[in-house]
There are 2 protein chains.
Amino acid sequence: MPGQTLADVLRARGLRLTAQRQLVLEAVLDLGHATPEQIHEKVTCTAAGVNITTIYRTLELLEGLGLVAHTHLGHGAPTYHGAGDRGHVHLVCHRCGKVDEVSPDIFTDVRRKLSDERGFLVDIGHVALFGMCAGCDEEES
Amino acid sequence: MPGQTLADVLRARGLRLTAQRQLVLEAVLDLGHATPEQIHEKVTCTAAGVNITTIYRTLELLEGLGLVAHTHLGHGAPTYHGAGDRGHVHLVCHRCGKVDEVSPDIFTDVRRKLSDERGFLVDIGHVALFGMCAGCDEEES
DNA sequence: GTGTGTGCAAACTATTTGCACGGTA
DNA sequence: TACCGTGCAAATAGTTTGCACACAC
């Protein structure tokens, strides 16, 4: 029950629970991967009149609260997803733009190597791999 | 001698060799990882008056010719590098913004797994991993 | 009632496009 | 000479900021 959690987290910091904040969080969790604009669209379906500015401000807030996280999936459109989804790696197709997810388990070795050899701690929730998906690969030929 | 190559590649497609194109390519190769703006700055040192528009158009052209490639390294700033550098993975520090590189060899297993299990072909030249570098990790505590 | 959150408009950054001139081939 | 490439200005997309009103507490 995300609504509960949101209220709690907000209250704990002396922040206010508003319809917009609930809607934005709900939209993010619901859409899975979404740009601010897509979230705006979704929210607008339920509550017309919510400003895109509010979407940006709310996303920033929710990210600060640790409820959502964002990833850069190319060109420049950041996409947001629930922070509970931490631990999924994005596969982005260059050709069709489709975004898929895989378990971060396949990264275990890479993480260890980078940590040992470089002291670099990979943030799995923020990883995106670009390439070509199965469908587009077939068409390619 | 990239200049030679550039001339050849351009001629082969009936395109023209211009000072701007040479300068942009040189800047990209020289800077290693650079945003369009940084490239513009660099080019401007040598030849003032080159328009940022030209930088964008030239980068697009050079990328089409396979001479340079770009990667998204966060927030939305695309960075360009020589296509000959194909096969390096970027490590981007969330904290200090530093960009490091590692050999793509560490990705061999991941690539194979994704290819086998998902049919997804990872474009190594386009990979960026986010996280925290050794230096920032020490300061963090 | 008080102060935070929102909407609106404008500013800003990054990038793209249209058009006329200049330079390469 | 012919046409590509460039510079300039304006358009566009994405995001941020300032300010006044409204609503959660």
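Test B:E117 against the stated conditions and say whether it is out of contact with any Leu (no Cβ under 8 Å at 6 or more places or on another chain), surrounded by fewer than 18 Cβ atoms within 10 Å (Cβ to Cβ) and more than 11 Å from chain A (Cβ to nearest Cβ).
no
Test B:G131 against the criterion of being farther than 30 Å from B:D8 by Cα and facing another protein chain (nearest Cβ under 7 Å), and give yes or no.
So B:G131 fits the description; yes.
So which residues in segment A:5-44 are free of Cβ contacts under 8 Å to residues at least 60 places away in the same chain and away from DNA strand D (no atom under 13 Å from the Cβ), if there are any at all?
Answer for segment A:5-44, where residues must be free of Cβ contacts under 8 Å to residues at least 60 places away in the same chain and away from DNA strand D (no atom under 13 Å from the Cβ): A:V24, A:L25, A:E26, A:A27, A:V28, A:L29, A:D30, A:L31, A:G32, A:K42, A:V43, A:T44.
Mind checking which residues of segment B:78-106 are more than 16 Å from DNA strand D (Cβ to nearest atom), at the interface with chain A (Cβ under 10 Å from one of its Cβ atoms) and in contact (Cβ under 8 Å) with a residue 40 or more places away in the chain?
Across segment B:78-106, the qualifying residues are B:V89, B:L91, B:C93.
Scan segment A:58-77 and tell me whether some residue there is among the charged types (D, E, K, R) and more than 13 Å from DNA strand D (Cβ to nearest atom).
no
Quick one: in segment A:27-55, of everything that is of a type in the set (A, V, I, L, M, F, W, C) and within 14 Å of A:T79 (Cα to Cα), which residue is surrounded by the most Cβ atoms within 10 Å (Cβ to Cβ)?
A:V28
Exactly one condition in (1) exposed (fewer than 15 other Cβ atoms within 10 Å of the Cβ); (2) more than 25 Å from B:V99 (Cα to Cα) is not met by A:L65; state its number.
With respect to (1) exposed (fewer than 15 other Cβ atoms within 10 Å of the Cβ); (2) more than 25 Å from B:V99 (Cα to Cα), A:L65 is out only on (1).
What pairs can you find where one residue is in segment A:121-141 and in a loop (DSSP other than H, G, I, E, B), the other is of a type in the set (V, I, T), and their Cβ atoms are less than 7 Å apart, with a gap of 6+ or different chains?
A:V127/A:V89
For segment B:96-120, enumerate the residues that are touching a Lys or Arg at 6+ places or on another chain (Cβ under 8 Å) and in a strand (DSSP E or B).
B:D100, B:V102
Where a number appears in this text, it was derived from the coordinates with a stated rule and is not lab data. Given the structure is predicted, the values throughout are model-derived calculations rather than measurements. Because the Cβ atoms are built from the backbone with ideal geometry, glycine has one as well, and the counts that use them run over all protein chains shown.
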